[in-house]
Amino acid sequence: MKVVIADDEDLARRLVREYLANETGIEIVAECTNGFEAVKAVTEHRPDVIFLDIQMPKLDGFEALELIERDVAVVFVTAFDQYAMRAFDAAAVDYLLKPFSADRFRSALKKVEQRLGEARPASQSDELRTAARAPGEYLDRIVVKEGTRVHIIPVGKLDYAEAQDDYVGLRSEGKTWLKQQTIGSLEAALNPKRFVRLHRGYIVNLDRITRLEPNTKDTWIAVLTDGSRIPVSRGGYTRFNSLTAG
Amino acid sequence: MHPVLTNWRSALLYLATWIPLGCVLGLLVSVSGNLNTLETAAIITPVTIVLAFVCLSPWYVCRSLPLKSAGTFRLFGQHVLAAMVVSAAVLLVARVTASTLTDVRPGLDAQLRMADPVLAVMVALVYLLSIALHYVVIEAQTSRRSELLAREAELRALKAQVNPHFLFNSLNSISALTASDPGRAREMCIQLADFLRTSLRLGQRPSIPFREEIELTRMYLGVEQVRFGQKLQVSLDVAAACADCEVPALLIQPLVENAVKHGIALLDSGGEILMLARMGKDGLQFSIENPYDPAAPSSRNGIGLTNVRQRLEARYGMAARLEVEASDEVYRVTLVLPVRA
């Protein structure tokens, strides 16, 4: 079994390593100290399982997981218990709370082995992404991957998002970034006071809307500060008005 | 010093309120003594001025005789007696003024005598009213102060709770060390225990000497240095003059925790926490700065600072300052406490 360990603390990695040393058939293919490295290591080494800390420099564990496209079993290893239930509801195989015993660790490994035998549902990250947030708490940045490079878009710099098949196109600072995500799950993650779903295929940053122009009988066109023209459906028009009226 | 006299504006305002009071007094005296306006003004002006200052004296009297200190009757008796003395003294002032004026206005003396009872009763009543007002003011002050102290204690208790994540992470480090380096594992157990014990002990006190707070900070950072290793560097420079200043307990602890949790921990290569304490003209000045990653996901780092700010306000009002500067790479918090060694 190929393993990646991602934790910014040397001692925490040492402990996982020590527990793994008692097992047979384990190969540690990479150790990472931040979220970027974790994403890279999974892409390069195609591990079966990653032991993932949540609070890490650059990208936290959940953000790293969003960018990991490969099918890999995830075991969170953290001192924070507030994400536990949500991570479970989604697709994390296990959730180890620091400090944990060798027995507890072994049972996590067992679960990983079982999981590796089964066929897994493909897109775990979408569910996990939505599940990882407390109600009333919204994204303050979006991570996207372009090739091997990771780009971070603060939500304040997002002009609009456009649905494109299995992807969303994120328009920010004159560039469009593609991310594998449904527009619905992105909408749920954004603050509804700052972003409005103007159309089935579009979410727009309220600050960017300069005016709405009538188009056909029941539809409008939103003109943004950069001149982009976004179609507005009837439902979108109602949502926009209820937001700006309040 | 009476609070009214601590600045010019309030002193002038106070004297201004005596102008209508003096007019009322003058009206009563002029009617009962059959005096004209000029005569009344000549007598009542010095009387009013004397009375204005005498009516400040209850500030001291009321504080030495708090409402709950003695039986109601005794308290009442003492104040009535004082009012009679004040009344007699003011009457004497009026009499002296009138007699110096008898050369210009013969018979003024005798006319004023007719107004004596009215003047005596009015002066006594005004003085008693002043006593009552002073009790109200003092009571309001005490209740506000105890309210602030209670709030301060509440906030301090909140902060005295050791951050559970710090505890769990430290225990995890100990767990990792037990196999590879038992000696250091034991050492860290002891460091952690020392920190916990000290922080519990200090948290029970409203204020502590600054050096004890610094000592606690050192213990805390000692534990974190085991966890973070080379990533966490510390530089601590405390002027000797600050050591004995009395400061609110566990006030800077959350600032240090923030510097580690939101600064150093989220940087790939870590960095140095720089702390500096000096005595300035406004009191004790403490600053803490750390490198940080402005792009790091912002995770509720406002709570610790808000707590510190509220405690400062509860304790010192506007006299303390808390400033936060965040540049591209360095996060700095500066704290100024109006305290002396």
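Given contacts defined as C-alpha pairs under 8 Å and at least six residues apart, what's the relative contact order of segment B:64-137, whole-number percent? List each step's numbers first, then the result.
Numbers: 35 pairs, mean separation 29.3, N = 74.
Relative contact order, segment B:64-137: 40 percent.
For chain B, set up a Gaussian network in which alpha carbons nearer than 10 Å are linked by springs, and say which option among B:ASP116, B:ASP103, B:ASP268 fluctuates the most.
Of B:ASP116, B:ASP103, B:ASP268, the Gaussian network model singles out B:ASP103 as fluctuating most.
Given charges of +1 on the Cβ of Lys and Arg and -1 on the Cβ of Asp and Glu, with all other atoms neutral, how large is the dipole of chain A about its Cα centre, in debye to the nearest 20? Could you put the intermediate results ahead of the total?
Details: 35 positive and 38 negative charges, 174 e Å.
Roughly 840 debye, rounded to the nearest 20.
From Cα pairs below 8 angstrom and at least 6 apart in sequence, can you work out the relative contact order of chain B, rounded to a whole percent? Can you show the working numbers first?
Numbers: 393 pairs, mean separation 42.7, N = 341.
Worked out over chain B, it gives 13 percent.
If you take each beta carbon of peptide B:175-182 and count the beta carbons of other chains within 10 angstrom, what is the mean?
Values: counts 10, 13, 3, 2, 6, 5, 2, 0.
Mean partner shielding for this stretch: 5.
Mind jotting down the distance between the C-alpha centroids of segment B:106-142 and segment A:1-61, whole Å?
85 Å
Can you tell me the FRET efficiency between A:THR210 and A:ALA84 if r is taken as the Cβ-Cβ distance and R0 is 35 Å, rounded to the nearest 0.05? Numbers along the way, then the final one.
On the way: r = 44 Å, r/R0 = 1.27.
Taking R0 as 35 Å, the efficiency between A:THR210 and A:ALA84 is 0.20.
Residue separation times 0.36 nm, minus the C-alpha to C-alpha distance between A:ALA245 and A:THR182: what's the value?
19.8 nm
Once you average over the residues of A:4-12, how many Cβ atoms of partner chains fall within 10 Å of each Cβ? Don't skip to the end; give the middle numbers.
Values: counts 0, 0, 0, 1, 7, 9, 7, 17, 6.
Going residue by residue through A:4-12 and averaging, the value is 5.
Just add up the charged neighbours of A:VAL144: K/R +1, D/E -1, any other residue whose Cβ is under 11 Å from the Cβ of A:VAL144. Provide the component values of the computation, followed by the final result.
Numbers: positive: A:ARG141, A:LYS145, A:ARG149, A:LYS175, A:LYS179; negative: A:GLU63, A:GLU66, A:GLU146.
So the environment of A:VAL144 carries a net charge of +2.
When the Kirkwood radius is taken over all Cα pairs of segment B:161-337, what Stokes-Einstein diffusion coefficient follows at 37 °C and 0.692 mPa s, in µm²/s?
Values: Rh = 16.9 Å.
Estimated diffusion coefficient is 194 µm²/s.
Could you pull out the trypsin sites (Lys or Arg not before Pro) across segment A:1-70 that fall in loop regions by DSSP (anything but H, G, I, E, B) with no more than 11 other Cβ atoms inside 10 Å? List each step's numbers first, then the result.
Details: sites: A:LYS2, A:ARG13, A:ARG14, A:ARG17, A:LYS40, A:LYS58, A:ARG70; in loops: A:LYS58, A:ARG70.
In loop regions of segment A:1-70 (DSSP not H, G, I, E or B), the sparsely surrounded trypsin sites (Lys or Arg not before Pro) are A:ARG70.
Rounded to the nearest Å, what's the spacing between the alpha carbon centres of segment B:183-217 and segment B:218-271? Just the number, please.
Each part reduced to its Cα centre gives a spacing of 13 Å.
Of the DSSP beta bridges with both residues in the protein assembly as shown, give the percent that are antiparallel, rounding to the nearest 5. Don't skip to the end; give the middle numbers.
Values: 58 of 82 bridges.
Given both bridge residues lie in the protein assembly as shown, the antiparallel proportion sits at roughly 70 percent.
Quick one: helix B:164-180 against the long Cα principal axis of chain B, what's the angle to the nearest 10°, folded into 0 to 90?
Helix B:164-180 and the main axis of chain B meet at about 30 degrees.
Once both axes come from the Cα atoms, what is the angle between helix B:108-160 and the longest principal axis of chain B, in degrees from 0 to 90, rounded to 10?
The helix B:108-160 is inclined about 10 degrees to chain B.
Using a simple spin-label model with points 7 Å from Cα along the Cα→Cβ vector, what separation in nm is obtained for A:ARG200 and A:ASP226?
2.6 nm
Output the relative contact order of chain A, whole-number percent, from Cα pairs under 8 angstrom with separation of 6+ residues.
Details: 423 pairs, mean separation 25.9, N = 246.
Reported as a whole number, the value is 11 percent.
Give the order of B:ARG227, B:ARG311 when sorted by the count of other beta carbons within 10 angstrom, beginning with the fewest.
Details: B:ARG227 22, B:ARG311 25.
Least crowded to most crowded, the residues run B:ARG227, B:ARG311.
Determine, for each peptide in B:216-223, A:49-56, B:176-183, the mean count of other beta carbons within 10 angstrom over its residues, then list the peptides with the highest first. All intermediate terms of the calculation are to be shown ahead of the outcome.
Working: B:216-223: 19.5, A:49-56: 26.4, B:176-183: 15.1.
Per-residue mean Cβ counts within 10 Å order the peptides as A:49-56, B:216-223, B:176-183.
Among A:TYR19, A:TYR138, what is the fewest-to-most ranking by other Cβ atoms within 10 Å? Could the numbers behind the result be given before it?
Details: A:TYR19 23, A:TYR138 16.
Ranked by crowding around the Cβ, least crowded first: A:TYR138, A:TYR19.
Given the pairs A:LYS2/A:LYS98; A:LYS40/A:LYS157; A:LYS58/B:LYS281; A:LYS175/B:LYS261; A:LYS40/A:LYS111, which span a C-alpha to C-alpha distance of over 30 angstrom in this model?
Numbers: A:LYS2/A:LYS98 22 Å; A:LYS40/A:LYS157 26 Å; A:LYS58/B:LYS281 41 Å; A:LYS175/B:LYS261 33 Å; A:LYS40/A:LYS111 25 Å.
As for pairs spanning more than 30 Å Cα to Cα, those are A:LYS58/B:LYS281; A:LYS175/B:LYS261.
Is the shape of chain B rounded, prolate or oblate, going by the alpha carbon gyration tensor and its root eigenvalues a ≥ b ≥ c, with a/c under 1.5 for rounded and a/b larger than b/c for prolate?
Values: a/c = 4.69, a/b = 3.33, b/c = 1.41.
Cα axes put chain B in the prolate bin.
Identify the trypsin sites (Lys or Arg not before Pro) of segment A:140-246 meeting these criteria: DSSP loop state and at most 15 other C-beta atoms within 10 Å of the C-beta. Before the final figure, lay out the partial values.
Working: sites: A:ARG141, A:LYS145, A:ARG149, A:LYS157, A:ARG171, A:LYS175, A:LYS179, A:LYS193, A:ARG194, A:ARG197, A:ARG200, A:ARG208, A:ARG211, A:LYS217, A:ARG229, A:ARG234, A:ARG239; in loops: A:LYS193, A:ARG194, A:ARG200, A:LYS217.
Qualifying residues, ordered by number: A:LYS193, A:ARG194, A:ARG200, A:LYS217.
Does segment A:1-114 come out rounded, prolate or oblate, given a ≥ b ≥ c as the square roots of the eigenvalues of its C-alpha gyration tensor, rounded meaning a/c under 1.5 and, failing that, prolate meaning a/b above b/c? Spell out each step's value before the answer.
Numbers: a/c = 1.24, a/b = 1.09, b/c = 1.14.
Rounded, because the longest to shortest axis ratio a/c is under 1.5.
Roughly how large, in nm² to one decimal, is the mean projection of the convex hull of the alpha-carbon atoms in the protein assembly as shown?
Numbers: hull surface 168.4 nm².
In nm², the orientation-averaged hull projection of the protein assembly as shown is 42.1.
To the nearest 0.05, what FRET efficiency results for B:VAL118 and B:LEU81 with a Förster distance of 25 Å applied to their C-beta separation? Can you show the working numbers first?
Values: r = 21 Å, r/R0 = 0.84.
Rounded to the nearest 0.05, the efficiency is 0.75.
When a/c is below 1.5 the answer is rounded, else prolate if a/b is larger than b/c, else oblate, so apply that to segment B:3-154 with a ≥ b ≥ c taken from the square roots of the Cα gyration tensor eigenvalues.
Numbers: a/c = 3.43, a/b = 2.08, b/c = 1.65.
It is prolate, given that a/c is not under 1.5 and a/b is the larger ratio.
What is the angle, in °, between the Cα long axis of helix B:302-316 and the longest principal axis of the Cα atoms in chain B? Nearest 10 is fine, range 0 to 90.
The answer is roughly 30 degrees.
Given points 7 Å out from each Cα along the Cα-Cβ axis, report the A:ARG234 to B:LEU38 separation in nanometres with one decimal.
About 9.4 nm separates the two model spin labels.
Quote to one decimal, in nm, the extra length available between B:ALA239 and B:LEU148 on full extension: 0.36 nm per residue of separation minus the C-alpha distance between them.
On the way: separation 91, 0.36 × 91 = 32.76 nm, distance 3.04 nm.
Contour length minus the Cα-Cα distance gives 29.7 nm.
Taken together, the values in this text are just the output of simple stated rules run on the coordinates, not laboratory data. As the structure is a computational prediction, the values presented were derived from the model and not from experiment. Note: ideal-geometry Cβ built from the backbone for every residue, glycine included; neighbour counts use all protein chains shown.
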